[in-house]
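> The structure's right below; bear with me while I get my questions together.
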Amino acid sequence: MRGFRFSDYKPGDSPKGGFDELLKLFSELLNYTAGDAAEALSWLNELDKQYKLTNNDYGIGNFIDDLKDKGYLTEDNQSGEFKITAKTEQTIRKSALDEIFGKLKKSGRGNHNSNQSGIGEEKNADRREYSFGDSLDQIDMTASIQNAQINHGIGDFTLTDRDLEVEEKDFKTLTSTVLMIDISHSMILYGEDRITPAKKVAMALAELIKTKYPKDTLDIVVFGNDAWPITVKDLPYLQVGPYHTNTYAGLELAADLLRRRKTHNKQIFMITDGKPTCLKENGKYYKNSMGLDRKVINKTLNMAAQCKRLKIPITTFMIAKDPYLQQFVRQFTEINGGRAFYSSLNGLGEYIFEDYIKNRRKTVK
């Protein structure tokens, strides 16, 4: 009789410290060192001392040589300074994408279907009767034949247009997205690193768009006392500064970037953990970190309303739990007509990916 025999699992002596294993850890450390290769290697060396990551045949020195030989690392001959290459930057983006998509598949949060269906590009679970003008590739022949058998019997088989069952399809449209990242000082306050998860999400989203939706556009805006655009290549090196939070400037720049895009679907994703505390007027900064300043808040809410008039919804990913801040986000979201997620750092990537994929399947009229 064929069957299975179960026994206790005894892990083997798998080789430790191979190049691929160390590269994954090195890439992860680069997220925390803002792309500083020397600091990441120093951390890796300390981890090796503590956890014995390598073996007698392959040490950290061998790993550094391989990084240089394989094009992941360059070394200045005069100063001895290490720098990561474009190949390493892409490796970090791919690693972030794999990590977030892996969590998304396991979570089973949803199927990403849009609210609109019809003649689109991707089949969904909706079915309806055939209507004149439907294309033949939409007809579910298996279901249609089954309908004919039920309606007319097997002996005298007849297939009419009333038996035909049509599969609906979801729309997929081009989407222009601006991802706003808060780099104010509060992103590293209270013993919690909030900027690293935000960077990883941005890198993963950039890699997703580049590989799966190459016709979509992604602009990245960072905002502190001021706001400015950065490129995907800048992301590994992004750091928090001694800044207040000028949300108005970030939204103003994001709306200006989207105004230049020719696509119908436009959206802003904003990752923030704090309240707006800063404005710039006549070349001077107006700052108030004590509570919610009425002047700053009103101007920020006016910008949210302006984005609504431009048909630019804002999705806010709030990674702070203070009730009064969440109340402000609710007011901001109501004025803009967008959405808000009160997310933990661990769930940030899955929420943003799911919302992005869902939104790009909508047709904005």
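The values are calculated or read from the model by the stated rules, or taken from the named source; none is laboratory data. Values in this document were obtained by computation on a predicted structure and should not be read as measured data. Cβ coordinates were reconstructed from backbone atoms using ideal geometry, including for glycine residues, and neighbour counts include every protein chain displayed. SASA here: full protein model, heavy atoms, side chains in, ligands and nucleic acids out. Shrake-Rupley method; radii C 1.70, N 1.55, O 1.52, S 1.80 Å.
> May I ask you to list the residues of the stretch 148-169 whose amide nitrogen lies under 17 Å from a point 7 Å from Cα along the Cα→beta-carbon direction of Arg127?
The answer is 148-153, 159-169.
> Cα-Cα over 31 Å: which of Lys83/Lys299; Lys212/Lys262; Lys52/Lys212; Lys212/Lys275; Lys295/Lys358?
Long pairs (Cα-Cα over 31 Å): Lys83/Lys299; Lys52/Lys212; Lys212/Lys275; Lys295/Lys358.
> Take the Cβ-Cβ distance between Arg339 and Lys311 as r, set R0 to 22 Å, and report the resulting FRET efficiency rounded to the nearest 0.05.
0.90
> To continue, here is another question. Can you tell me the accessible area per residue over the stretch 181-303, all protein chains present, probe 1.4 angstrom, in square angstrom?
For the stretch 181-303, the solvent-accessible area averages 44 Å² per residue.
> Right, here's the next one. Starting from the Cα of Glu75, move 7 Å in the Cα-to-Cβ direction to define the label point; list residues of the stretch 40-67 whose amide nitrogen is under 13 Å from there.
It comes to 60-67, nothing else.
> For the stretch 175-362, state the semi-axes of the equivalent ellipsoid (square roots of 5 times the eigenvalues of the alpha-carbon gyration tensor), sorted largest first and rounded to whole angstrom.
Details: eigenvalues 110, 70, 51 Å².
With the √(5λ) rule applied to the stretch 175-362, the semi-axes are 23, 19, 16 Å.
> What is the antiparallel percent of DSSP beta bridges lying wholly in the stretch 229-342, to the nearest 5?
On the way: 4 of 13 bridges.
In the stretch 229-342, approximately 30 percent of DSSP beta bridges are antiparallel ones.
> Taking 0.36 nm per residue of separation and subtracting the Cα-Cα distance, what length does fully extending Asp134 through Asp66 add?
My answer for the length gained is 18.7 nm.
> Take the stretch 203-299, drop everything but the C-alpha atoms, weight them equally and run the Debye formula without solvent; then report log10 I(q)/I(0) at 0.18, 0.19, 0.23 Å⁻¹ to two decimals.
Treating every Cα as an identical point scatterer, log10 I(q)/I(0) equals -0.92, -0.99, -1.26.
> Is any residue of the stretch 267-296 close enough, with backbone N under 18 Å, to a label point placed 7 angstrom from the Cα of Ile188 along the Cα-Cβ axis, and if so, which?
What the label zone holds, given the 18 Å backbone N cut-off, is 272-274.
> If you don't mind, another one. Based on the Cβ-Cβ distance of Glu39 and Asn298, what FRET efficiency does E = 1/(1 + (r/R0)^6) give at R0 = 30 Å, to the nearest 0.05?
Once rounded, the FRET efficiency stands at 0.10.
> Here's another thing I want to ask about it. Using Cα-Cα distances under 8 Å and only pairs 6 or more residues apart, what relative contact order does the stretch 175-362 have, in percent?
Value for the stretch 175-362: 23 percent.
> Evaluate E = 1/(1 + (r/R0)^6) for Gln149 and Lys215, where r is the Cβ-Cβ distance and R0 equals 35 Å; express this FRET efficiency to the nearest 0.05.
With R0 = 35 Å, the Cβ-Cβ based efficiency is 0.20.
> Related question: Based on alpha-carbon centroids, what's the gap between the stretch 246-271 and the stretch 81-102 in Å, whole number please?
So the separation of the two Cα centres works out to 26 Å.
> Loop-only GluC sites (Glu not before Pro) in the stretch 149-202, please: DSSP not H, G, I, E or B, and at most 14 other Cβ atoms within 10 Å. Please list the in-between numbers first.
Details: sites: Glu165, Glu167, Glu168, Glu192; in loops: Glu192.
Passing sites in the stretch 149-202 are Glu192.
> To continue, here is another question. Keeping all protein chains in place, calculate the accessible area per residue for the stretch 19-84 (probe 1.4 angstrom), answer in Å².
In whole numbers, the stretch 19-84 has 59 Å² accessible per residue.
> Which aspartates and glutamates have a Cα lying under 17 Å from the Cα of Lys70, excluding residues fewer than 8 positions away in the same chain?
In chain and number order, the partners are Asp20, Glu21, Glu89.
> How large a share of the accessible area of the stretch 175-362, in percent, is made up of carbon and sulfur atoms when the probe is 1.4 Å and the other protein chains stay in place?
Taking all protein chains in place, the stretch 175-362 shows 51 percent carbon and sulfur surface.
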